[in-house]
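Scroll down for the structure; my scribbles are underneath it.
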Amino acid sequence: MASVESAAPFFSAPGCRLQQLDAEIWQAWSPSEVLICSAAVRLLSGTVGPGVAIYRRTDFWAAPHFWKHASEIPDRTMLLLWQEGPRYAALLPLAGRDAHVELAARGDGVFALVQTCHQETFEQSVPLAIGGRGDCPYELTERLFDHAARLIGTCRRRDQKLVPEWTRRLGWCSWNAFGVQVTEENIRSAIASFENAPVKLGFMLLDDGWQHADAEGRLLTTGPNSKFPRGLAPLVHEAKRRLGLRHFGVWHAWQGYWKGVSPKGPIAQDHRVLDNGLLHPTEWASFYEKFYAELSRAGVDFTKADNQSFSSHLLRDVYAHVSGMRLLREAVEGASAKWFQSGLLNCMSQESTVLYQLWHSNVLRNSDDFYPEREGNPQEHVLQNAWNALWCRTLAIPDWDMFQSHHPQAAWHAAARAVSGGPITITDTPGQQDWELLSRLVFPDGRLPHLDGYAVPARRGLFEDPRAGQPLIVWNRSGMARIAAVFDVAGKGATLSIGPRDVDFAGEGAPQAYALLSMNHGWLGALGLEDSVALEIEPGGHDVVTVVPIHHGFAAFGAEHAFNPPGWLGAQQITRDGTSFHWHAELRATAPLILAVLPTAAWVNVNGKSVPFTQTGPLLRVELPRSALPAVIDLRLH
């Protein structure tokens, strides 16, 4: 690694002040003599690429844009990542006290577009961007965001914050089941549909439709509307009692309701409301303290705060974009931390101003909505989530949104959620749940099978649009194993090669032998580190491949037919005993297990008792019932 003193500057930014942060990471500040209301500042010149830009395709949502030349980089870009020979380079815009920064192409260069969204607000010497190079694209982007969090000082890394307990269990949301017409009786029907079910819920989320608002979309009171005649508390307590729910959440818009708060309603009697429906910034803290306290008394445990990026429109002529959003963010996050242990799901908020202000809250919607009736939505949904996670995952848990287990492409959506590492929420119409699919997705008690991180696209396709090329590979870690979800986004079908390198097994310490198991095709083979095997994907199809290092001729895949097989396994150990080997493992829950055994198995014990097993070729199937109870398994190999 180059020394700090000898490394060449990353930026070609005339007039900007540059600061070296580590051996290969640099920061650029705007020219100190420029007072910025709206400006474009050159950061890079010449040819870069090919690469991918994570950009704001709308005010609310981000998506990847694949480019061959720098001139193709879109406006409103929030992260640039590109190839430089065998290495990678990345550029991340920052934010000032009042100034909002995004990237864009202008002529032959990459520019920082700086604006405050408020004509009377100026700022001197804005922190524009961080850029650098590295050998691993995933580590590089994490390093940039880590530096950004420390420099900006208003956000924290995901691993420095609480992980909300509700994100670890299966949830149900009312949105696609009932929409804004949702009633108390609808929720009670949902409760009934999950009673005595083979898969338990961990939480319910009452989405839009419960609040008391006027015809213009402005909030009148903080209580529920007439469709919930008993109020929230009896319904919440009924759900928890009948289903044993640990958590119950409710939706609200960031501004109160979609268009804010009514200046003529009861709320306006206690709080100053502007004509455009925005609570005056000095009122936000007291409003959310009262609102969240009221929800907490009703038994609510977390909130989904939607429509966040719309606040920038309401803030115009009142406050600068960044500082105005910070006042609102501090109010909501402060109340959430007090009443819900930061159980806040941020939604419609894929912009850097939001990401850089996540001090307490730790969950961010990672894509546009699941649209069950929209053609092409499953493909666009997995595309957005895979690449947007590169932008989101260092500072917040990426939430891949809800889906329906009875949707025609439910298995596609389930595979995506299973590998994502984020929350898993269904929005099924009561009575239409696909219990067999759900039993492959989560443990019987609703817990999510274990993952160590958050899914990212494989290196081999990092800068290729899967809508026009090879299937998309998205991978994640679970203990010693790694899982790769493969999606034919183009819809043409394909035969692709897949191997250990596609799930980022590499380096001097990497094992030299691996076992591969396909959810659709079964045993794929035992491969070396540099080897690959052909995998058939049907047109518009998907698959999940588990890749496990082989030790002493043995590899444990995990639960049979599961979307995340190794997520059912806990700590493992394999030891030698004379001429035999002994595998000992903890099971987080039980189900029929699939193991790769190149020698032969002598016996299998679970919790000290012998259990039946069958061995066909290299695959060993251990007969275990589905149960939420943990267990200990021992296996002896000849």
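Filtering region 599-638 to residues that are surrounded by fewer than 16 Cβ atoms within 10 Å (Cβ to Cβ), of a type outside the set (Gly, Ala, Ser) and assigned to a loop (DSSP other than H, G, I, E, B) leaves Pro599, Thr600, Asn607, Pro612, Glu623, Pro625, Arg626, Leu629, Pro630, His638.
Yes/no matrix, rows are residues, columns are (1) out of contact with any Lys or Arg (no Cβ under 6 Å at 6 or more places or on another chain); (2) under 17 Å from Arg156 (Cα atoms):
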{"position": "Ser352", "(1), (2)": "yes, yes"}
{"position": "Trp387", "(1), (2)": "yes, no"}
{"position": "Trp400", "(1), (2)": "no, no"}
{"position": "His406", "(1), (2)": "yes, no"}
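Is it true that some residue in region 123-142 is acidic (Asp, Glu), at pLDDT 95 or above, in contact with a Leu (Cβ under 8 Å, 6 or more places away or on another chain) and open to solvent by 10 Å² or more (accessible area, probe 1.4 Å)? No - not one qualifying residue is present in region 123-142. Take His252 and tell me if it is at pLDDT 95 or above, of a type outside the set (Phe, Trp, Tyr) and not in a helix (DSSP H, G or I). Answer is yes for this residue. Across region 273-331, the number of residues qualifying as of a type in the set (Phe, Trp, Tyr) and either under 27 Å from the mean Cα position of the chain (by Cα) or modelled with pLDDT under 90 (or both) comes to 5. All of Val503, Val547 fail the test of being more than 21 Å from the chain's Cα centre (by Cα), open to solvent by less than 30 Å² (accessible area, probe 1.4 Å) and of a type in the set (A, V, I, L, M), apart from Val547. The set of residues in region 623-638 being over 18 Å from Gly446 (Cβ atoms) and basic (Lys, Arg) consists of Arg636 alone. Of all the residues in region 439-491, those that are among the hydrophobic types (A, V, I, L, M, F, W, C) and farther than 22 Å from Arg87 by Cα number 15. A search for C-beta distances below 9 Å between a residue of region 157-177 that is aliphatic (A, V, I, L, M) and any residue that is open to solvent by less than 20 Å² (accessible area, probe 1.4 Å) and not in a loop (DSSP other than H, G, I, E, B), counting only pairs 6+ apart in sequence or on different chains, returns Val163/Val363; Val163/Ile397; Leu170/Phe203; Leu170/Thr425; Leu170/Ile426; Leu170/Leu438; Leu170/Leu441; Ala177/Ala190. If the condition is being touching a residue at least 60 places away in the same chain (Cβ under 8 Å), open to solvent by 40 Å² or more (accessible area, probe 1.4 Å) and in contact with an Asp or Glu (Cβ under 8 Å, 6 or more places away or on another chain), then region 283-312 contributes only Phe310. Considering region 371-411, and only residues there that are of a type in the set (Phe, Trp, Tyr) and surrounded by 21 or more Cβ atoms within 10 Å (Cβ to Cβ), the residue that is farthest from Asp488 (Cα to Cα) turns out to be Trp391. Counting only residues that are open to solvent by 10 Å² or more (accessible area, probe 1.4 Å) and at pLDDT 95 or above, which one in region 27-58 is farthest from Gly132 (Cα to Cα)? So, considering only residues that are open to solvent by 10 Å² or more (accessible area, probe 1.4 Å) and at pLDDT 95 or above, the one farthest from Gly132 (Cα to Cα) is Thr58. Gly446 passes every criterion in (1) at negative phi; (2) open to solvent by less than 10 Å² (accessible area, probe 1.4 Å) apart from (1).
Of all residues in region 270-282, how many are surrounded by fewer than 18 Cβ atoms within 10 Å (Cβ to Cβ) and of a type in the set (Val, Ile, Thr)? Number satisfying all stated conditions: 1. Checking Asn196, Asn186, Asn176 one by one, the residue that is farther than 18 Å from Phe340 by Cα and surrounded by fewer than 16 Cβ atoms within 10 Å (Cβ to Cβ) is Asn196 and no other.
The values are calculated or read from the model by the stated rules, or taken from the named source; none is laboratory data. Computed from a predicted model, the values in this text were never measured in an experiment. Positions of Cβ are generated from backbone atoms using ideal geometry, with glycine treated the same way; all protein chains shown enter the neighbour counts. Ligands, DNA and RNA are stripped out before the accessible areas are found, and what is left, the full protein with its side chains, is counted by its heavy atoms. Shrake-Rupley method; radii C 1.70, N 1.55, O 1.52, S 1.80 Å.
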